[in-house]
Amino acid sequence: MNAMFRALKVFNYRLWVTGALVSNIGTWMQRVAQDWLVLTVLTHNSGTAAGITTGLQFLPIVFLGPFAGLLGDRVNKRKLLLCTQTAMGLCALLLGLLVVTHSVQLWHVYVLALLLGVASAFDAPSRQAFVSEVVAKADVPNAVALNSASFNLARLAGPGVAGLVIAAFGTGPAFLINAASFAAVIVSLWRMRVSELQPSVRVPRAKGQIREGFSYIRQRPDLMMIMALVFMIGTFGMNFQITNALMATTIFHLGPGEYGLLGSVMAVGTLAAALLAARRKNMRMAYIVGGALAFGVTVAIAAFMPSYALYALALVPVGLASLTFMNACNTTVQLTTDSAMRGRVLAVYMAVLQGGTPIGAPLVGWIATEFGARWSLGIGAVVSVAAALIALAMMNRRNHVRFRDQVRGLRPFAMAQALHR
């Protein structure tokens with residue numbers, strides 16, 4: 001099988017990635033529908049309300065993430081995922097029923113976003129770590145990249161389908177479709193060949209295990225740098241479900257179809273980045289720092305685009321840079337962490353990545369409401385570039401490399417060789 005798709009030779013992984021693709025399409029449909037419901041049905045384009053909704057969805061992982069990671073290290077991850085996926089499906093079903101019966105209020109959305117966040121907090125670290133149990137260690141980078149490809153293939157289809165469904169039938173059916181899509185993951189988990197899984201050693205109960213996970217991270221400068229970068233960029237830069245909605249509605253004055261299309265266009269870049277990552281057999285810190293820097297620059301360019309078409313086009317390199325950064329972070333954390341600590345470390349990683357959203361999303365929404373959507377993009381870009389440059393300086397200092405020498409080394413021929421490699 002082609003090296004780009006080598007993880008698909010594993011039966012259990014094929015089941016997993018297929019179920020995830022169906023479920024992720026539904027997830028992206030709900031993200032679009034939820035923002036559209038809050039912005040245009042329950043409020044009058046309130047970026048603050050949209051930000052609060054997003055923030056509530058990611059708030060639980062800040063408090064529950066370390067406990068969820070420890071639970072993932074202690075119990076059977078497959079059985080835990082069956083429970084969390086079922087809970088998230090029920091949240092989507094309840095919201096869909098409230099909308100189609102015309103009973104939904106803003107506080108309903110807030111509460112269900114919070115409940116969805118609780119289930120997701122326990123789901124995310126085990127779902128990330130479960131990949132390492134489905135395939136051999138040598139195939140983990142490829143499996144992580146293909147997971148990203150599946151997620152972004154869904155992102156390519158989901159927002160566009162959601163826009164069409166919302167335009168034709170309203171937001172309610174989009175939530176109901178998402179609820180039904182969770183059955184794909186649940187069935188794939190039930191049908192797996194348990195004997196072919198490679199479960200990590202379960203951690204016995206003991207005192208101080210959560211503290212042990214934090215101590216492990218503090219002793220690893222590379223993990224500390226990844227956590228810092230992910231927090232800054234995730235908190236202030238990656239709020240596109242809010243910024244794209246506000247750009248579509250308040251800047252370009254367009255409808256749900258055009259808003260959904262922005263997510264699909266951005267997914268072209270993220271899918272390309274995922275497929276490129278699938279070809280790599282290892283990861284380097286250069287992909288992390290370079291991806292972060294490229295992300296900030298491309299977001300800044302997108303913020304200045306004068307028309308909807310040019311803005312949509314600018315989202316392609318934004319997606320490419322963002323997924324290059326995120327995939328490099330995820331793979332590096334998984335491959336360089338001891339298996340007994342993987343659940344706890346990934347839980348902290350997910351808490352850092354998503355835990356800043358309760359701060360960043362309302363702030364970005366408020367900035368967009370008060371000063372305009374372009375400002376919210378611009379501030380995210382500045383923060384991302386600054387974080388990447390600080391990380392580069394720290395990495396150079398640790399490796400005794402001067403930035404001046406790096407710049408001098410960027411000769412056209414050398415750059416062409418690097419790009420070819």
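Here's the yes/no breakdown for (1) open to solvent by less than 60 Å² (accessible area, probe 1.4 Å); (2) closer than 23 Å to residue 57 by Cα; (3) modelled with pLDDT of 80 or more:
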| residue | (1), (2), (3) |
| --- | --- |
| 324 | yes, no, yes |
| 334 | yes, no, no |
| 366 | no, yes, yes |
| 402 | no, no, no |
| 408 | no, no, no |
| 414 | yes, no, no |
| 418 | yes, no, no |
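Taking the stretch 203-213 as the range and being surrounded by 14 or more Cβ atoms within 10 Å (Cβ to Cβ) and not acidic (Asp, Glu) as the test, the residues that pass are 203, 209, 210, 213. The set of residues from the stretch 59-74 being among the aliphatic types (A, V, I, L, M), open to solvent by 50 Å² or more (accessible area, probe 1.4 Å) and under 13 Å from residue 129 (Cβ atoms) comprises just one member, 71.
When you look at residue 148, is it of a type in the set (Ser, Thr, Tyr), open to solvent by less than 60 Å² (accessible area, probe 1.4 Å) and modelled with pLDDT of 80 or more, yes or no? Criteria not met by residue 148. Within the option set 124, 50, being at pLDDT below 85 and more than 16 Å from the chain's Cα centre (by Cα) holds for one residue only, 50.
Picking from 272, 184, 267, which residue would you name as being open to solvent by less than 70 Å² (accessible area, probe 1.4 Å), over 23 Å from residue 387 (Cβ atoms) and touching a Pro at 6+ places or on another chain (Cβ under 9 Å)? First the steps, then the outcome.
Values: 272 fails: touching a Pro at 6+ places or on another chain (Cβ under 9 Å); 184 fails: touching a Pro at 6+ places or on another chain (Cβ under 9 Å).
Among 272, 184, 267, only 267 is open to solvent by less than 70 Å² (accessible area, probe 1.4 Å), over 23 Å from residue 387 (Cβ atoms) and touching a Pro at 6+ places or on another chain (Cβ under 9 Å).
Would you point out the residue of the stretch 120-145, among those that are of a type in the set (Val, Ile, Thr) and in a helix (DSSP H, G or I), that is surrounded by the fewest Cβ atoms within 10 Å (Cβ to Cβ)? Once the filter is applied, the top-ranked residue is 140.
The helices (runs of 4 or more DSSP H) found wholly in the stretch 156-236 and carrying at least 3 residues that are closer than 21 Å to residue 140 by Cα and hydrophobic (A, V, I, L, M, F, W, C) occupy 221-236.
Within the stretch 162-181, being in contact (Cβ under 8 Å) with a residue 40 or more places away in the chain, open to solvent by 40 Å² or more (accessible area, probe 1.4 Å) and out of contact with any helix residue (DSSP H, G or I) (no Cβ under 6 Å at 6 or more places or on another chain) holds for 164, 180.
Limited to the stretch 1-46, what total is found for residues that are in a loop (DSSP other than H, G, I, E, B) and open to solvent by 30 Å² or more (accessible area, probe 1.4 Å)? Looking only at that region, the number is 6.
When you scan the stretch 95-105, how many residues do you find that are closer than 14 Å to residue 174 by Cβ and open to solvent by 40 Å² or more (accessible area, probe 1.4 Å)?
Pass one, the stretch 95-105, residues closer than 14 Å to residue 174 by Cβ: 95-100, 104.
With open to solvent by 40 Å² or more (accessible area, probe 1.4 Å) added as a condition, the list becomes 97, 100.
Of the residues in the stretch 95-105, 2 are closer than 14 Å to residue 174 by Cβ and open to solvent by 40 Å² or more (accessible area, probe 1.4 Å).
When both residues are 6+ apart or on different chains and their Cβ atoms are under 7 Å apart, which pairs have a first residue that lies in the stretch 199-210 and is in contact (Cβ under 8 Å) with a residue 40 or more places away in the chain, and a second that is part of a loop (DSSP other than H, G, I, E, B) and hydrophobic (A, V, I, L, M, F, W, C)? Going by the 7 Å Cβ cut-off, the qualifying pairs are 209/203.
The values are calculated or read from the model by the stated rules, or taken from the named source; none is laboratory data. The shown structure was predicted, so the numbers you read here are calculated from the model rather than taken from an experiment. Note that each Cβ is placed from the backbone with ideal geometry, even for glycine, and that neighbours are counted across all protein chains shown. Ligands, DNA and RNA are excluded from the accessible area calculation, which covers all protein heavy atoms including side chains. Shrake-Rupley method; radii C 1.70, N 1.55, O 1.52, S 1.80 Å.
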